[in-house]
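Note sheet for the following structure.
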Amino acid sequence: KYIPLPNRTESDVIQFQTWLETHHSVDLKSSHIQLTLHDNASKNILVSSCPQITLTAGSSISSDQLILSIPESSFLGIDQAKFAFQTYKLPPNQLLDSIPSLKLAVHLVHELSLSQNSSYHPYLQVLPNSYPLPMYFTDSELVQLAPSHMYAQILQRIRNHYKQYCQIYSFLQASWKNGCKYLDPDSFGIEVFDWAVGVTMTRQNRVPSKLLKNEMCLALVPAWDMMNHARGPATTSFNEESRCVEFRAMKDLVQGEAIEMFYGPRPNSELLMYSGFVFETNEFDIVPVSLQISSLDPLKKIKNMLIVKAFSAFSGQIVGSRLSNSTGEFQGQITIHGANQEMILFASVACMDKDQVGNALRDPSVCMQNAKSEQVLQYLHEICLSILAEYPSDDYLATVIKNNDHSYSTNQILIAQFLKAEKSLIQNAIKSS
């Protein structure tokens with residue numbers, strides 16, 4: 001019992017605007033906003049090949065001008081999912097109750113299965129029918145991410161995704177047999193589950209709950225969730241009095257210019273995983289680096305103890321330190337400024353001799369005294385070189401990104417752009433060391 005996925009057209013866009021105005025008193029035209037259905041052509045961002053709906057300025061708009069006010073009545077979120085679960089008398093489910101985004105994804109499938117009987121039908125029909133998220137890449141595409149730390153994370157997410165699908169299917173099947181007609185399990189195919197998870201991963205946001213006072217919940221905010229990401233100030237807020245999500249322009253806009261918002265300070269790894277795009281230059285980008293004291297170092301155990309102690313001493317300066325006591329593995333980062341303080345501290349301890357370790361155990365502050373020594377810089381230099389060696393050549397990545405002969409998929413270009421950005425950070429770290 002196949003549930004057809006959205007296949008948005010110009011007609012769907014018009015019906016969506018009518019739905020916003022008629023049912024939720026949101027008149028985009030009077031707010032100087034136009035919805036445009038088009039192929040992607042942005043210069044600095046690579047997103048899905050699926051036609052996009054872009055919010056553009058219908059006339060000149062001033063910076064900080066209130067241009068969008070979306071009422072709570074239009075939200076599709078956990079509040080609505082909980083209400084539907086109670087209405088259909090679905091039994092509690094540990095998986096869905098513990099992962100709100102999954103509950104929202106299942107409810108999306110339920111609403112989609114209602115077709116025109118869903119009060120959200122016009123909104124659902126303008127959502128993309130596919131998402132360029134790594135968890136949906138083909139095997140041949142996915143393996144190209146092997147040089148990056150993202151590869152293992154994506155594989156784990158894929159395993160979890162299909163395991164969760166099986167568990168939810170079994171839950172819906174048992175509920176259906178017991179007379180709960182919330183969602184026919186025969187219509188809950190993997191394709192529609194993929195779609196629903198893609199929607200929630202890329203569009204969900206936290207808003208104040210209507211059902212639970214002083215609590216936040218996940219929700220989709222129609223129209224507002226159609227803006228692309230751009231660097232700028234955070235200009236979205238929730239008006240408690242009107243119960244609306246309000247958005248103000250980040251900058252002055254001329255007629256026809258895209259209206260964009262700032263998603264937050266996210267590295268490319270998060271943008272790729274949860275939004276399906278990357279920036280060639282991203283000031284918030286990082287490359288995580290796993291570090292271990294050599295197993296051949298006779299001081300390995302005591303150096304690991306020193307690292308833990310030093311992290312505590314420098315806790316005011318060093319953020320996000322992580323050391324597994326079981327494996328002795330440490331997580332550092334390469335940023336736009338080179339190796340971060342955690343990596344430098346680790347390298348400083350790794351290069352110490354027995355006497356230096358003894359002094360540092362008594363006074364951890366000395367760990368950073370030789371941070372700029374030639375030995376430490378060389379240690380960091382070699383780490384970065386070993387990481388860089390795993391990546392494809394610059395020439396290969398440039399060929400894929402240009403795609404002059406049209407032999408590469410959109411996902412392959414996206415991967416190449418992501419790897420190029422990571423390589424750039426590593427290369428800059430090598431220069432600085």
note = Rounded to the nearest 10 Å², the accessible area of C367 using a 1.4 Å probe with every protein chain kept is 0
request  = Over the range 342-424, average the accessible area per residue using a 1.4 Å probe and give it in Å², no decimals.
outcome  = 51
note = Counting all Cα-Cα pairs in the range 130-268, those more than 22 Å apart amount in percent to 59
query = Just how much of H381 is accessible, in Å², when a 1.4 Å probe is used and the result is rounded to the nearest 10?
reply = 40
message = At 222 nm, what value in deg cm²/dmol follows for the chain if DSSP H runs of at least 4 each add -39500 (n - 2.57) and the sum is divided by all its residues, to the nearest 500?
response = -13000 deg cm²/dmol
request  = Just name one of L253, V357, P288: the one whose Cα is farthest towards the positive end of the charge dipole of the chain (beta-carbon charges, Lys/Arg +1, Asp/Glu -1).
outcome  = V357
message = Which residue, Q52, F83, N93, has the largest displacement toward the positive end of the dipole of the range 31-169 when charges sit on each Cβ (Lys, Arg +1; Asp, Glu -1)?
response = N93
task = Place a +1 charge on the Cβ of each Lys and Arg in the range 138-259 and a -1 charge on the Cβ of each Asp and Glu, then give the dipole magnitude about the Cα centre in debye, rounded to the nearest 20.
result = 400
query = Length gain on complete extension for the stretch S98 to E10, per 0.36 nm per residue less the alpha carbon to alpha carbon distance?
reply = 27.9 nm
ask   = Ignoring ligands and nucleic acids, what accessible area does K402 show with a 1.4 Å probe (Å², nearest 10)?
value = 140
note = Of the residues S393, T9, H337, the Cα lying farthest along the dipole of the chain towards its positive end, which is defined by charges on the beta carbon of Lys, Arg, Asp and Glu, belongs to H337
task = Report the charge-dipole magnitude of the range 304-433 in Debye, nearest 20, computed about the Cα centre from +1 at each Lys and Arg Cβ and -1 at each Asp and Glu Cβ.
result = 280
remark   = Sorted by chain and then number, the residues having a modelled amide H within less than 5 Å of the amide H of V289, at least 5 places away or on another chain, are G332, Q333, I334
query = Which residues make up the longest stretch of the chain clear of GluC sites (Glu not before Pro) that lie in a DSSP loop with no more than 16 other Cβ atoms within 10 Å, not counting the sites?
reply = 1-214
ask   = For the modelled label position 7 Å from the Cα of N359 along Cα-to-Cβ, which residues of the range 366-387 have backbone nitrogen atoms closer than 12 Å?
value = 366-371
ask   = Out of the range 103-204, which trypsin sites (Lys or Arg not before Pro) are coil in DSSP terms and have no more than 15 other C-beta atoms within 10 Å?
value = K181
inquiry  = Ordering T22, T36 by accessible area with a probe of 1.4 Å, largest first, what comes out?
reply    = T22, T36
ask   = In debye, nearest 20: dipole of the chain around its Cα centre with unit charges on the Cβ of K, R (+) and D, E (-)?
value = 1100
remark   = Ranking R248, R362 from most to least accessible area with a 1.4 Å probe gives R362, R248
message = Please report the equivalent ellipsoid semi-axes of the chain, computed as sqrt(5 x eigenvalue) of the Cα gyration tensor, largest first, in whole Å.
response = 44, 26, 22
request  = Rank these residues by their accessible area, most exposed first, probe 1.4 Å: S269, S73.
outcome  = S73, S269
task = Along each of the three principal axes of the Cα atoms of the range 83-184, give the extent in whole Å, ordering the values from largest to smallest.
result = 48, 31, 20
ask   = What number, in nm² with one decimal, is the all-direction average of the projected area of the convex hull of the alpha-carbon atoms of the range 217-309?
value = 11.1
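The values are calculated or read from the model by the stated rules, or taken from the named source; none is laboratory data. Everything numeric here is computed off the predicted structure, so don't read it as measured data. Virtual Cβ from ideal backbone geometry, glycine too; neighbours counted across all protein chains shown. Protein only, heavy atoms only, side chains kept; ligands, DNA and RNA dropped before computing areas. Shrake-Rupley method; radii C 1.70, N 1.55, O 1.52, S 1.80 Å.
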